[in-house]
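Contents: one structure, followed by commentary.
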């Protein structure tokens, strides 16, 4: 994980609230030109790439006449200069109209909203699982530093981080789905769910979720548990912990009540950085598990030169990344005592 | 001044003093793994038992399980997997190293001038870094490769181009901190040129987190290469890389386990090695973690 | 030229004949899998295979193709073609109903083709119908098409699915209409549900005018990864998939596979070829192209790349149809002849370095092919090594599809391409072989121009007599084979695999799905009981 920006700097004794307010405002305002700039770059790159949507859709089919391609280009103004096209896109974008997909003419927003829940569900569930596993591991590893628990969990956790993700997904499917038959091999639900009772419908959904969540969590636990561990170690070295121990408080109380509280605070700052992943998903997992999510939507759109969808997905994920970084930086500033209480010495 | 005593102008702190102080088993394991894999890559021609691109299309030669003749078995075109793995080490490791090298060059340069000179340059570069950060990385990778065509060089360049922002931020914050130090101020007073200050004074003292990040990045570069192979955008056949051996082998996962097992394990152990070394370095070099 | 005065095929219209094993009610489900999702469920707007295959279950055309690739009646029970070939009168089956209960009539037919011909609707197949100058409704069960000139492919073009007038007549924009995603047709299956990117569910039409389909549900599941698709097949999650040669030979011999899945093979309606840019000085000489044809060992390519699962191709039509001349010898593997021809054309190895030269230039060229097709890439590599034995240096370049189309095909910047064509049932090949198709966005990107072939193609388009027509195309086959603008390589096999519990499958030249409504599962083997 990358350390958040700490460019708040010193502001010569101005009140804290004022600093924060100006900072927040400045950052928020910056998001808009950033999105415009990035969307422009994305647009240009897409149009410069060799190939075009009409060929992708109608290419090399003897039954399809050239007029189909010409009509397509005409309808979507693809023969006009790139800048003109960008401006028209911009004009619709400010009304939050992303246009229609080139592949199936569905409105881009409708396509995104039909896929978003699947990704949110999977990523959200995985995040919860990751938190439930990584934090305890990190805390205990810090408390029992360099003891066997720490050493073993370090290696285990890194294994998840070191595997090619599609291999991990395939192995999970192969062993638990194919060989043992415990879980469905792929998909989000069975086609016959509508003929099932609600109880079985939920069970069907959950059963389909187990393997993808397992795979996603396995790769995500590493980073968070390491971060928790180092944060915890740092806190355990602080003076006030020493004081608490000197006062005779039980080790357990020291750890749980005092240390954890302060160690977990920085974690909140990095939570902001997980925001983009919640929405963009991992298209490798989505491809292998046949999960109908946003990751695949964006990837397939790029392959098919589906400009409107690419721009829609790209802008949304850019916005979320910027927003996530913004949140993370704010939280970091809020939480970092050096900035809170002013610089000393 | 506590731990900051280690910074001295004009010289490099001897990293060996810091590391050899307390070696732990994981760090040793990691270093050993990297060493072994690098040796395999370098000595590939000596180690390979067969021609890595030699096709044998006879029925007996295809999809054979591991045996004495073919240590890791053969693939669907009758090629010896062990030899391909050994040459694949060359490709995968060099992709890792060179990609990270590229990102180091860009990251250190931009982070350095941004952190040192500050003000407008810093703002511009920081915004640029944020833009790069927000850019959907896969979008960038796929487009560049579609543009330039998949080849080893392009893969290296593309991975390097997408991993420098993180490094840049680290370098920048290091420089921001260090430029206020006495030894820098004294060098300035003495009239030392900015360039010299950056490279001879500040940079050597800020290498610690750079080492850590670079080591971890090699691991992730190897993983990105395998992900690109999964998409068909990585190193192209018949040149073997661990990523593309794994990708073409995945179609036989229930029939020929050796086609996915060996490249998968190789990537796993190698990336694990880099991660353990990186983490180990971080433990040693980060003053905040010292007991 | 003889026209058949009245070509009427009287099918058993009121009473449908049940196949021997058919059951009277539908049961079980058939789960097919695909990599890509369907896009739009309107027949004349769908250009991808997923949409087309689902449309073929929901809609009917006037005509369909039977198991031997002959024309048969679908919604049409009979038809007449006038002597001059300008009028086709179609007699529709009576009592056919749309899925919503409305009656089907000639008005729907007229409406469908008028919609297709309306340029505002952007139908990509419009060029196949522009020869229709008028459509008349004679009575509710009879439709007449008037053509501006005799157009032999017209009959097969009438296999386009018919859409309901009462649903679409007030739609402003067909492709965004609700019914593009929740279609109403006359076909054997009724649309039930479309979960985006997950599956499409169809249910058997109990009132279908032929007979009730044997399988109650048809599901099209999306599985984007082929490895996972295979695992799903063997574990029973899906009921069919297309196998590639490796899966057919190696991976389908495990016990788990053979106990549950049945594999079939038939000649795929496509061929793979090496095409030469006839504007390139290297390939202007026919002898050079023929020499390469002799130098390539097709048998070796088929056995190593397709594992033997293919047949040699000598010309641009489908083997087994009356248009493919089986007596055309093609180019057998004969390196001596190849050397001789090259020698005649002026290519010699004067400096004995293993590479042929002429006028100081070495014989080297580049084959371009698209990424993602392992068969073509492997075949190109084998050709590379076969040609090097003759002293020809071949370089292979693999390009992503979009860039390939844009920079190489459309701009004609290539020397040789390794590509394939799918073969439609109608042999009309104007867009690929006529000289008019060299520019104007046609598909004759190799720039082949032969006035005799041009005339034959035009004749073939207007000849209705099946036998005469076949002779025309056989002639085209012979000429093109001799001139060798492509080196025709092979027809691959299509190898579908279907779960064993599904009975009634009979492989034929048309494939296996022509009689899908006759497939069924015996009571005791039913898997899905909904």
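Just so you know, in segment A:272-320 the residues that are over 14 Å from the mean Cα position of the chain (by Cα) and not in a helix (DSSP H, G or I) include one that is surrounded by the most Cβ atoms within 10 Å (Cβ to Cβ), and it is A:289.
Yes/no per residue for (1) within 19 Å of residue A:286 (Cβ to Cβ); (2) within 26 Å of the chain's Cα centre (by Cα):
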residue	(1), (2)
A:174	yes, no
A:179	no, no
A:185	yes, yes
A:195	no, no
A:199	no, no
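With respect to (1) within 14 Å of chain C (Cβ to nearest Cβ); (2) in a helix (DSSP H, G or I), the lone exception for residue A:323 is condition (1). Within segment A:89-110, if we keep just the residues that are touching a helix residue (DSSP H, G or I) at 6+ places or on another chain (Cβ under 6 Å) and buried (at least 22 other Cβ atoms within 10 Å of the Cβ), the residue that is farthest from residue A:303 (Cα to Cα) turns out to be A:98. Here segment C:345-368 is the region considered, the condition is being closer than 30 Å to residue C:270 by Cα and in contact with a helix residue (DSSP H, G or I) (Cβ under 7 Å, 6 or more places away or on another chain), and the residue that is surrounded by the fewest Cβ atoms within 10 Å (Cβ to Cβ) is C:365.
So, in segment B:242-266, of the ones that are over 20 Å from the mean Cα position of the chain (by Cα) and farther than 19 Å from residue C:247 by Cβ, which residue ends up nearest to the other protein chains (Cβ to nearest Cβ)? So that I can check it myself, show each step before the final result.
Taking segment B:242-266 first, the residues over 20 Å from the mean Cα position of the chain (by Cα) are B:247-262.
Adding the requirement that they be farther than 19 Å from residue C:247 by Cβ leaves B:261-262.
Numbers: B:261: 10, B:262: 11 Å.
The qualifying residue nearest to the other protein chains (Cβ to nearest Cβ) is B:261.
With the structure loaded, tell me whether residue B:238 is surrounded by fewer than 18 Cβ atoms within 10 Å (Cβ to Cβ) and outside any helix (DSSP H, G or I) or whether it fails that test. Yes; evaluated as a whole, the condition is true for this residue. Checked against (1) buried (at least 20 other Cβ atoms within 10 Å of the Cβ); (2) more than 8 Å from chain A (Cβ to nearest Cβ); (3) in a helix (DSSP H, G or I), residue B:199 meets all criteria but (1). Of the helices (runs of 4 or more DSSP H) that lie entirely inside segment C:415-502, those containing 1 or more residues that are in contact with a strand residue (DSSP E or B) (Cβ under 8 Å, 6 or more places away or on another chain) and within 14 Å of chain A (Cβ to nearest Cβ) span C:430-433.
Under the condition of being in contact with a helix residue (DSSP H, G or I) (Cβ under 8 Å, 6 or more places away or on another chain), over 17 Å from residue C:189 (Cα atoms) and modelled with pLDDT under 90, the residues counted in segment C:9-34 number 2. Select from segment C:156-183 the residues that are over 25 Å from the mean Cα position of the chain (by Cα), more than 14 Å from chain A (Cβ to nearest Cβ) and in a loop (DSSP other than H, G, I, E, B) and list them in ascending order. Once the filter is applied, which keeps residues that are over 25 Å from the mean Cα position of the chain (by Cα), more than 14 Å from chain A (Cβ to nearest Cβ) and in a loop (DSSP other than H, G, I, E, B), segment C:156-183 yields C:164, C:169, C:170. Within segment B:223-241, residues that are over 20 Å from residue B:37 (Cβ atoms) and within 10 Å of chain A (Cβ to nearest Cβ) reach partners that are modelled with pLDDT of 80 or more and buried (at least 22 other Cβ atoms within 10 Å of the Cβ) with beta carbons closer than 7 Å, at six or more positions or on different chains, in the pairs B:230/A:166; B:230/A:284; B:230/B:247. Number of residues in segment A:204-241 that are out of contact with any helix residue (DSSP H, G or I) (no Cβ under 9 Å at 6 or more places or on another chain) and surrounded by fewer than 20 Cβ atoms within 10 Å (Cβ to Cβ) equals 3. With respect to (1) surrounded by 17 or more Cβ atoms within 10 Å (Cβ to Cβ); (2) within 11 Å of another protein chain (Cβ to nearest Cβ); (3) at pLDDT 85 or above, the lone exception for residue A:43 is condition (2).
Applying the set (1) more than 10 Å from chain B (Cβ to nearest Cβ); (2) assigned to a loop (DSSP other than H, G, I, E, B); (3) touching a residue at least 60 places away in the same chain (Cβ under 8 Å); (4) surrounded by fewer than 23 Cβ atoms within 10 Å (Cβ to Cβ) to residue A:145 leaves exactly one unmet item: (1). Selection of helices (runs of 4 or more DSSP H) fully inside segment C:236-344 by the criterion of at least 3 residues being at pLDDT 90 or above, farther than 30 Å from residue C:525 by Cβ and in contact with a helix residue (DSSP H, G or I) (Cβ under 6 Å, 6 or more places away or on another chain) returns C:286-295, C:335-344.
Give the number of residues within segment C:222-241 that are within 9 Å of another protein chain (Cβ to nearest Cβ) and closer than 29 Å to residue C:97 by Cβ.
Going through segment C:222-241 one residue at a time, the tally reaches 0.
Looking at segment A:244-267, can you tell me whether even one residue there is exposed (fewer than 15 other Cβ atoms within 10 Å of the Cβ), in a helix (DSSP H, G or I) and under 28 Å from the mean Cα position of the chain (by Cα)? Among the residues of segment A:244-267, at least one is exposed (fewer than 15 other Cβ atoms within 10 Å of the Cβ), in a helix (DSSP H, G or I) and under 28 Å from the mean Cα position of the chain (by Cα), which makes the answer yes. None of C:441, C:504 is at pLDDT 90 or above, on the phi > 0 side of the Ramachandran plot and surrounded by fewer than 21 Cβ atoms within 10 Å (Cβ to Cβ) except C:504. In this entry, residue B:100 is excluded by the filter for residues that are closer than 26 Å to residue A:321 by Cβ, assigned to a helix (DSSP H, G or I) and facing chain A (nearest Cβ under 10 Å). Checking C:443, C:456, C:489 one by one, the residue that is in contact (Cβ under 8 Å) with a residue 12 or more places away in the chain, touching a helix residue (DSSP H, G or I) at 6+ places or on another chain (Cβ under 7 Å) and closer than 30 Å to residue C:59 by Cβ is C:443 and no other. One residue alone among A:274, A:228, A:193, A:243 is more than 14 Å from chain C (Cβ to nearest Cβ) and at pLDDT 80 or above, and that residue is A:228. Just one of the listed residues (C:224, C:153) is farther than 23 Å from residue C:516 by Cβ, within 23 Å of the chain's Cα centre (by Cα) and surrounded by fewer than 22 Cβ atoms within 10 Å (Cβ to Cβ), and it is C:153.
Scan segment B:34-75 for residues that are away from chain C (no Cβ under 14 Å) and closer than 19 Å to residue B:246 by Cβ and the total you get is 10.
Looking at A:180, A:120, A:170, A:156, which one is touching a residue at least 60 places away in the same chain (Cβ under 8 Å) and either surrounded by 19 or more Cβ atoms within 10 Å (Cβ to Cβ) or within 14 Å of chain B (Cβ to nearest Cβ) (or both)?
Only one candidate qualifies: A:170.
For residue B:186, the conditions (1) free of Cβ contacts under 8 Å to residues at least 60 places away in the same chain; (2) surrounded by fewer than 19 Cβ atoms within 10 Å (Cβ to Cβ); (3) within 24 Å of residue B:114 (Cβ to Cβ) are fulfilled apart from (1).
If the condition is being in contact with a helix residue (DSSP H, G or I) (Cβ under 6 Å, 6 or more places away or on another chain) and either within 14 Å of chain A (Cβ to nearest Cβ) or part of a helix (DSSP H, G or I) (or both), then segment C:388-401 contributes only C:400.
The values are calculated or read from the model by the stated rules, or taken from the named source; none is laboratory data. Just so you know, these numbers come straight off a predicted model, no measurement behind them. In this analysis, Cβ positions are derived from the backbone assuming ideal geometry, glycine residues included, and neighbour counts consider all displayed protein chains.
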